[in-house]
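Undergrad: Quick one: structure below, then a few questions.
The values are calculated or read from the model by the stated rules, or taken from the named source; none is laboratory data. What you see is a predicted model, and the numbers here were worked out from it, not measured in a lab. With ideal geometry, Cβ positions are generated from the backbone for all residues, glycine too; neighbour counts draw on all protein chains shown. Just so you know, the surface numbers come from the protein's heavy atoms only, side chains and all, with ligands and any DNA or RNA stripped out. Shrake-Rupley method; radii C 1.70, N 1.55, O 1.52, S 1.80 Å.
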Amino acid sequence: MYTLLKRTAPALALLGLGLAGCQPELDAPGADKGSADFSRYIAVGNSLTAGYGDNGLYLEGQLASYPNLLAEQFKTVGGGDFAQPLFNQPNQENGSGYLRLTGFTATGNPITANVTTNLAVRAITPQALYTRYDAPVNNLGVPGIKLADIQTPGYGSQVGNAYFERITPAANPLQTYFQRVKAEAATATFFTCWLGNNDVLGYATAGGALGPTAITRTDTFQLKANRIINVLTANGAKGVVATIPNVTNVPFFTTVRVAAIKATFKASNQALSLYIQTSAGVREATDADLLTLTSSSVIGTATSGNPFPVGAGISPTAANPLPSQFVLDASEQTLVRDATTAYNTALTAKANEKGLAVFDANAFFARIAATGIVSDAVNNTAAFISGNLFSLDGVHPTPRGYAVIANEMISAINSKYGSSLSQVNPNNYRGVRFP
Amino acid sequence: MTLKSLLLASGALLTGTAASAGGYQVTLAGQKNNGMGGVGVGLSLDQAAMFYNPGALTMVKDRGVQVGVNATMARQAFRSQYGGAQRELKNNIVTPFNLYAGFGSEDRKFAAGIAVYTPFGNKVEYADGWEGRYSLTGIDLKSIYVQPTVSYAVTDKLSVGAGMVILAYGAVNLQRDIPVEGAAGSGPAHVELDGKATTKLGFNAGIYFKPTEKLSIGASYRSKIDAKVEGGDVKFTNVPTSLGSRFTATEFDATLPLPATTSLGIGFMPNENLTLGFDVNYVEWSKYKILQFDFRGNNGAGGLVSPSGQVGGSNISTSRREYEDAVTLRLGGQYLLTSGLTVRAGASYDFSPVKDGFVTPETPDADRIGLTLGASYKFGNFGVDVSGQFIDLKKRTQTEADLVANNTADRVAGTYKTRVLIPGIGLNYTF
């Protein structure tokens, strides 16, 4: 036995060494900033830039805003700190309040409720105002802002936009968004600019009921877009300009389907169909008409004095038509699509003129709607609730949705500026929370 | 010792890890062979011939009993396509074993024996929260074959043999996280599939020809067995209550092919102290097309009216495997240094059955190079065999785009690199 040990000792020693050196090591992917300088990044935009979701702005969403995710990646190649106007005071993390999912009805429809505790509301007159954030900010995302609003004095006052008001200097309430961006751009080295969604979104989500004037005129849009991109690039900053997705691809318009409503009506009475109010009068709905997410709570409810429940009817004259604000009919969709196309032409032309990266959000959201996007064995789609990407308001992304947006922006940045930023892992960010 | 108590006694000693050969195959059936790159089909070293080539059993010089056990230690690095820190496996040691008892007639015309070995197995346990958690968090696949064997020498140069292969024990435990989000701070939703395989039969047959003292040739074939789990347990943890109706399954059925292997081997004995072997194994992995789970039962989580057998809203789960038949080349030798001491060395090259873009976390496979060392010392009727294998899997990368293109997006995008170290020891008693 002794001889055996003696003879095999070298082999055993070799085995021991082998085990110690057995653990493989894979090199971390390199990160390079390419021709961009990320040392001071500012984000210009609306609710999407602020991290809005579930029909509200709250701390969890702010932390998962795409600018914050980008800034994390920028830090690996010399990016500086990125300040956001967080709702981070004690017991104010729910910010404006938001929707949460509380369960499903017997037929599988989601039930939501408003979160009304731990809000950051500091006043309710002249409107709900939120806890001020007076420290410097890099994220200038203001929920609700249109490109048409950027030079409106008083937009940051107490009677203006409450989200802009809380970051507008108290001593200068008439400072416009444009002036604020100009001041911030003076020292910025990199920017993202995603403005213009609200110039058409408000018209669409109101089912076109506000009339065509609710869509910002293309010439106004182009003028303001040029101005803001000029001011952002005035000091040589590089950046990304994002296009406007066609909102008719989002769950707000794709969840409640005309065909499904008709089938429900016919199941109770074969003669019934879905009738809608349009600017050209009452007519039977077709599959080309889009119903808003909010229509689900009114369709089928009783109206006193009308024998038909809301939406049902047997002819245009014998019906209880679904009100116009719940329907984006085919002609209204055309207005939305045409405006979106014109806006994107203006944005892309200006970005190209300045040599900026373009994130084609319109193409990306169309692809999401068509095929979804996979992240490490998880299939993310544009489906409401189950698709992981859209929050409970049906328009704004979830943290997972913002993560895939950040990744698309990183791709656009890498290909334009020759950088090699890593993407974020979408699965580290949540979809919809289930009770 | 009855077969049953034998199995119970060895309950702690099971199967391979990240497998020691391609796919989930484990080729650690003989401690002498393990030191020689896994050759053995063209040789008649010891009772392990029952596994490598039942035809060679009558040519084994002595009758004997032998037992061997190996400690498989896999070390892996994984980097996600999305960056982040390197992921490493939880360090498990699994212990494939082998056990043989064989005896021959005095005239060496007949030999018979029984073999117990673990030809397939796989255990991988990933770090908590790793990027592939929605594909797999851990797998433990076990199999034990029991093989009564007979061999007959047609002439003193030619012998044949066959064994009935019994899948005496097979078990699978597969776990993964479910991609749904519960309340903040609740742990990840998780599903565990756990089942035992039904007993199945197959065969292992071989032919061995030794025309001269210096040359021997062998061929063997081990048939395919479909390991079938019927009524395995499905267990959910942390699934949000509101999604109960989509996670109602209590039982699953699944079938995993344990593929047929055809082997050819040549042995050279240039002098009486030196033995060299060269083997080719051909494993019919192409039988492994998909991994399918059928779910049934109702745990009541969705109330009385909810559909039965749901896992994530479906009562079936299929995942493309599309393995390809694969070849392993083996080369090894032994040298009798002194009357008691034999030393061994060998090497193998294993072509992966897994195509590019099809790598799964449960078998993060790649072409692999094996280097082996071994030694035996004999004192009287007793012998001790030690062996060591070092297996290096090639670095392998797949992107999310590859996975989507292959319709294999149920697995994880990134780069794997694995190494396995397998020391082993065997004891034998010959008479």
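Undergrad: Probe of 1.4 angstrom, ligands and nucleic acids ignored: what's the accessible area per residue over chain B, in square angstrom?
TA: Numbers: 16460 Å² over 431 residues.
About 38 Å² of surface per residue is accessible.
Undergrad: Could I ask something else about it? Would you tell me the accessible area of B:Asp356, worked out with a 1.4 angstrom probe on the heavy atoms of the protein chains, in Å² to the nearest 10?
TA: Using a 1.4 Å probe on the heavy atoms, I get roughly 120 Å².
Undergrad: With a 1.4 Å probe and all protein chains left in place, how much of the accessible area of the protein assembly as shown comes from carbon and sulfur atoms, in whole percent?
TA: Values: 19320 of 33780 Å².
Exposed carbon and sulfur together represent 57 percent of the surface.
Undergrad: Once phi is turned into ³J(HN,Hα) by the Karplus curve 6.51 cos²θ - 1.76 cosθ + 1.60 with θ = phi - 60°, what whole-Hz value does each residue of region A:244-249 show in order, with x for glycine and proline?
TA: Those phi angles translate into 9, x, 5, 5, 6, 8 Hz.
Undergrad: Ranked by accessible surface with a 1.4 Å probe, highest first, in what order do B:Glu131, B:Glu106, A:Glu72 come? Numbers along the way, then the final one.
TA: Details: B:Glu131 15, B:Glu106 160, A:Glu72 95 Å².
Heavy-atom accessible area, descending, gives B:Glu106, A:Glu72, B:Glu131.
Undergrad: Take region A:18-89, compute every pairwise Cα distance, and split them into 5 Å bins from 0; I just need the percent in each bin.
TA: Histogramming region A:18-89 at 5 Å steps yields 3, 14, 19, 16, 13, 10, 8, 6, 5, 3, 2, 0 percent.
Undergrad: What's the percent breakdown of Cα-Cα distances in region B:332-422 across 10 Å bins, shortest bin first?
TA: Taking all Cα pairs of region B:332-422, the binned fractions are 16, 33, 21, 16, 11, 5, 0 percent.
Undergrad: Determine the sum of side-chain charges near A:Leu174: Lys and Arg each +1, Asp and Glu each -1, restricted to other residues whose C-beta is under 15 angstrom from that of A:Leu174. Don't skip to the answer; put the middle values down first.
TA: Numbers: positive: A:Arg180, A:Lys182; negative: A:Asp149, A:Glu165.
Taking every Cβ under 15 Å from that of A:Leu174, the sum is 0.
Undergrad: If you don't mind, another one. Helix-only mean residue ellipticity at 222 nm, the protein assembly as shown, DSSP H runs n ≥ 4 weighted -39,500 (n - 2.57), per residue, nearest 500. What is it? Don't skip to the end; give the middle numbers.
TA: Details: 17 runs with 164 residues, N = 866.
Theoretical 222 nm ellipticity from helices: -5500 deg cm²/dmol.
Undergrad: I've got another one for you. Please give the length that would be gained between B:Ala127 and B:Leu264 if that part of the chain were fully extended, namely 0.36 nm times their separation in residues minus their C-alpha to C-alpha distance (nm, one decimal). Provide the component values of the computation, followed by the final result.
TA: Details: separation 137, 0.36 × 137 = 49.32 nm, distance 4.00 nm.
Computed gain between B:Ala127 and B:Leu264 is 45.3 nm.
Undergrad: Please compute the length gained on full extension between A:Thr220 and A:Ser35, using 0.36 nm multiplied by the number of residues separating them and subtracting their Cα-Cα distance.
TA: Details: separation 185, 0.36 × 185 = 66.60 nm, distance 3.30 nm.
Contour length minus Cα-Cα distance gives 63.3 nm.
Undergrad: Need one number: nm distance between label points at B:Phe379 and A:Ser315, each 7 Å from Cα along Cα→Cβ, rounded to one decimal.
TA: In this crude spin-label approximation the distance works out to 10.9 nm.
Undergrad: May I pose another question? Considering the alpha-carbon set of the protein assembly as shown alone, what are its Rg and its Dmax in angstrom?
TA: 34.5, 110
Undergrad: Right, something else. Can you find, among B:Gly232, B:Ser186, B:Ile217, the residue farthest towards the positive end of the dipole of region B:174-244? Put +1 on the C-beta of Lys and Arg, -1 on that of Asp and Glu.
TA: B:Ile217
Undergrad: What percent do you get for the relative contact order of region A:258-328 when only Cα pairs under 8 Å and 6+ apart count?
TA: Details: 120 pairs, mean separation 25.1, N = 71.
Relative contact order here is 35 percent.
Undergrad: Sort A:Tyr155, A:Tyr66 from largest to smallest accessible area, using a 1.4 Å probe on the heavy atoms of the protein chains. Before the final figure, lay out each step's value.
TA: Working: A:Tyr155 30, A:Tyr66 0 Å².
Heavy-atom accessible area, descending, gives A:Tyr155, A:Tyr66.
Undergrad: Same structure again: Do any residues of region B:162-191 lose at least 50 Å² of accessible area when the full set of protein chains is present rather than just their chain alone, and if so which, with a 1.4 Å probe?
TA: Going by heavy-atom accessible area, the residues of region B:162-191 that drop by at least 50 Å² are B:Glu181.
Undergrad: Quick one: go through region A:54-69 and flag any residue whose amide nitrogen is under 18 Å from the point 7 Å out along the Cα-to-Cβ line of A:Ala128.
TA: A:54-62
Undergrad: Return the equivalent ellipsoid semi-axes of region A:258-328 as a descending list in whole Å, where each equals the square root of 5 times an eigenvalue of the C-alpha gyration tensor. Before the final figure, lay out the partial values.
TA: Details: eigenvalues 48, 36, 31 Å².
In descending order, the three semi-axes are 15, 13, 12 Å.
Undergrad: Still on this structure: Give me the distance in nm between label points sitting 7 Å out from Cα along the Cα-to-Cβ direction at A:Ser296 and B:Thr199, one decimal.
TA: 5.4 nm
Undergrad: Could you work out how much longer the chain between A:Ser157 and A:Ser420 gets when fully extended? Use 0.36 nm per residue separation minus the Cα distance between them, nm to one decimal.
TA: Numbers: separation 263, 0.36 × 263 = 94.68 nm, distance 4.14 nm.
Additional length available on full extension: 90.5 nm.
Undergrad: Need one number: the % of Cα-Cα pairs in region A:120-161 sitting beyond the 11 Å mark. Show your work: numbers first, answer last.
TA: Numbers: 631 of 861 pairs.
Summing the P(r) of region A:120-161 above 11 Å gives 73 percent of all pairs.
Undergrad: Could I ask something else about it? Could you tell me the accessible area of B:Asp140 in Å² (1.4 Å probe, neighbours in place), rounded to the nearest ten?
TA: 30 Å²
Undergrad: For the pair B:Lys235/A:Gln23, report the inter-label distance in nm, with labels modelled 7 Å from Cα in the Cβ direction.
TA: The two pseudo-label positions are separated by 3.0 nm.
Undergrad: Quick check: convex hull over the Cα atoms of region A:244-381, volume per residue in Å³, rounded to an integer? Could you put the intermediate results ahead of the total?
TA: Working: hull volume 17.1 nm³, N = 138.
Cα-based convex hull of region A:244-381, divided per residue, equals 124 Å³.
Undergrad: Something else: What shape does region A:20-138 take by its C-alpha gyration tensor, where a ≥ b ≥ c are the square roots of the eigenvalues and a/c under 1.5 counts as rounded, a/b above b/c as prolate, and the rest as oblate?
TA: Details: a/c = 2.71, a/b = 1.49, b/c = 1.83.
Oblate shape, in that a/c is at least 1.5 and b/c is the bigger or equal ratio.
Undergrad: From the residues B:Thr318, B:Thr363, B:Leu337, which one has its Cα farthest along the dipole of region B:244-369 in the positive direction, the dipole being from +1 and -1 charges on Cβ of Lys/Arg and Asp/Glu about the Cα centre?
TA: B:Thr318
Undergrad: Could you size up the charge dipole of the protein assembly as shown around its Cα centre, putting +1 on the beta carbon of Lys and Arg and -1 on that of Asp and Glu, and report it in debye to the nearest 20? Don't skip to the answer; put the middle values down first.
TA: Values: 68 positive and 63 negative charges, 199 e Å.
Once rounded to the nearest 20, the dipole reads 960 debye.
Undergrad: Tell me, what HN-Hα J-couplings in whole Hz come from the Karplus equation 6.51 cos²θ - 1.76 cosθ + 1.60 at θ = phi - 60° for each residue of region A:108-118, using x for Gly and Pro?
TA: x, 7, x, 10, 10, 9, 7, 7, 10, 9, 6
Undergrad: What would the Debye formula give as log10 I(q)/I(0) at q = 0.07, 0.10, 0.11, 0.13 Å⁻¹ for the alpha-carbon point model of region B:13-430, no solvent?
TA: Each listed q corresponds, in turn, to -0.36, -0.68, -0.80, -1.05.
Undergrad: If you don't mind, there's one more thing I want to ask. Taking amide H positions as placed in the peptide plane 1.01 Å from N, state which residues far from A:Gln175 in sequence (5 or more) or on other chains have amide H under 5 Å from it.
TA: Counting only residues 5 or more places away or on other chains, the set is A:Gly154.
Undergrad: Normalised by the number of residues in chain B, what is the relative contact order in percent for Cα pairs under 8 Å and 6+ residues apart?
TA: So the answer I get is 18 percent.
Undergrad: If all Cα-Cα distances of chain A are sorted into 10 Å bins from 0 onward, what percent lands in each bin, rounded to whole numbers?
TA: Once binned at 10 Å, the Cα pair distances of chain A give 4, 19, 27, 23, 12, 6, 3, 2, 1, 1, 0.
Undergrad: A drop of at least 30 square angstrom in accessible area, chain alone versus all protein chains together, probe 1.4 Å. Which residues of region A:403-435 meet that?
TA: Buried on complex formation: A:Gln423, A:Asn425, A:Asn427, A:Arg433, A:Phe434, A:Pro435.
Undergrad: Below 8 Å, C-alpha to C-alpha, sequence gap of six or more: please give me the relative contact order for region A:186-335 in percent.
TA: On the way: 232 pairs, mean separation 39.7, N = 150.
After rounding, I find 26 percent.
Undergrad: Under the rule a/c < 1.5 gives rounded, and otherwise a/b versus b/c splits prolate from oblate, where does region A:362-406 land using the Cα gyration tensor? Please list the in-between numbers first.
TA: Values: a/c = 1.29, a/b = 1.11, b/c = 1.16.
Taking the square roots of the gyration eigenvalues as a ≥ b ≥ c, region A:362-406 is rounded.
Undergrad: Using a Gaussian network for chain A with springs between C-alpha atoms less than 10 Å apart, which of these wobbles most: A:Pro309, A:Pro90, A:Pro245?
TA: A:Pro90
Undergrad: Gap in Å between the Cα centre of region A:345-389 and the Cα centre of region A:160-180?
TA: Centre-to-centre (Cα) distance: 31 Å.
Undergrad: Counting only protein heavy atoms and rolling a 1.4 Å probe, how much accessible area do A and B lose on contact, total for both sides, in Å² to 100? Don't skip to the end; give the middle numbers.
TA: Details: alone 19160 and 18150 Å², together 33780 Å².
Buried area (both sides, nearest 100 Å²): 3500 Å².
Undergrad: Charges at C-beta only: +1 for Lys and Arg, -1 for Asp and Glu. How large is the resulting dipole of chain A about its Cα centre, in Debye rounded to 20?
TA: Numbers: 28 positive and 26 negative charges, 71 e Å.
Charge dipole, chain A, about its Cα centre: 340 debye, nearest 20.
Undergrad: I would also like to ask the following. For a Förster distance of 35 Å, can you work out the FRET efficiency between the beta-carbons of B:Thr212 and B:Ile425, rounded to the nearest 0.05?
TA: On the way: r = 34 Å, r/R0 = 0.97.
The computed FRET efficiency comes out at 0.55.
Undergrad: Right, another one. With a ≥ b ≥ c taken as the square roots of the eigenvalues of the C-alpha gyration tensor of region B:93-197, please select rounded if a/c is under 1.5 and otherwise prolate if a/b is larger than b/c or oblate if it is not? Don't skip to the answer; put the middle values down first.
TA: Numbers: a/c = 4.98, a/b = 4.39, b/c = 1.13.
Taking the square roots of the gyration eigenvalues as a ≥ b ≥ c, region B:93-197 is prolate.
Undergrad: What net charge do the residues around B:Leu158 carry, taking every other residue with its C-beta under 14 Å from that of B:Leu158, with Lys and Arg at +1 and Asp and Glu at -1?
TA: On the way: positive: B:Arg108, B:Lys109, B:Lys157, B:Lys210; negative: B:Asp156.
Net local charge, B:Leu158 excluded: +3.
Undergrad: Take the Cβ-Cβ distance between B:Leu341 and B:Asp62 as r, set R0 to 22 Å, and report the resulting FRET efficiency rounded to the nearest 0.05. Could the numbers behind the result be given before it?
TA: Values: r = 18 Å, r/R0 = 0.81.
Computed FRET efficiency for B:Leu341 and B:Asp62 comes out at 0.80.
Undergrad: Based on alpha-carbon centroids, what's the gap between region B:142-197 and region A:259-296 in Å, whole number please?
TA: So the two Cα centres are separated by 56 Å.
Undergrad: Given A:Phe434, A:Asn197, B:Ala405, which one lies farthest toward the positive end of the charge dipole of the protein assembly as shown, if we put +1 on the Cβ of every Lys and Arg and -1 on the Cβ of every Asp and Glu?
TA: After comparing all options, I get B:Ala405.
Undergrad: Please report the net charge: other residues with Cβ closer than 9 Å to the Cβ of B:Arg296, K and R +1, D and E -1.
TA: Working: positive: none; negative: B:Glu251, B:Asp253, B:Asp294.
Combined, the nearby Lys, Arg, Asp and Glu give -3.
Undergrad: Ok, one more. Give, rounded to the nearest 20 debye, the magnitude of the charge dipole that region B:13-430 has about its Cα centre when Lys and Arg contribute +1 at Cβ and Asp and Glu contribute -1 at Cβ.
TA: Numbers: 39 positive and 37 negative charges, 115 e Å.
Rounded to the nearest 20 debye, it is 560 debye.
Undergrad: Right, next: Report the FRET efficiency, 1/(1 + (r/R0)^6), for A:Lys266 and A:Thr371, where r is their Cβ-Cβ distance and R0 is 45 Å, rounded to 0.05.
TA: On the way: r = 32 Å, r/R0 = 0.71.
For A:Lys266 and A:Thr371, the calculated efficiency is 0.90.
Undergrad: Please calculate how many Å² of accessible area region A:285-379 carries per residue, with a 1.4 Å probe and no DNA, RNA or ligand atoms counted. Intermediate results must be reported in sequence, preceding the final value.
TA: On the way: 3950 Å² over 95 residues.
I get 42 Å² per residue for this part.
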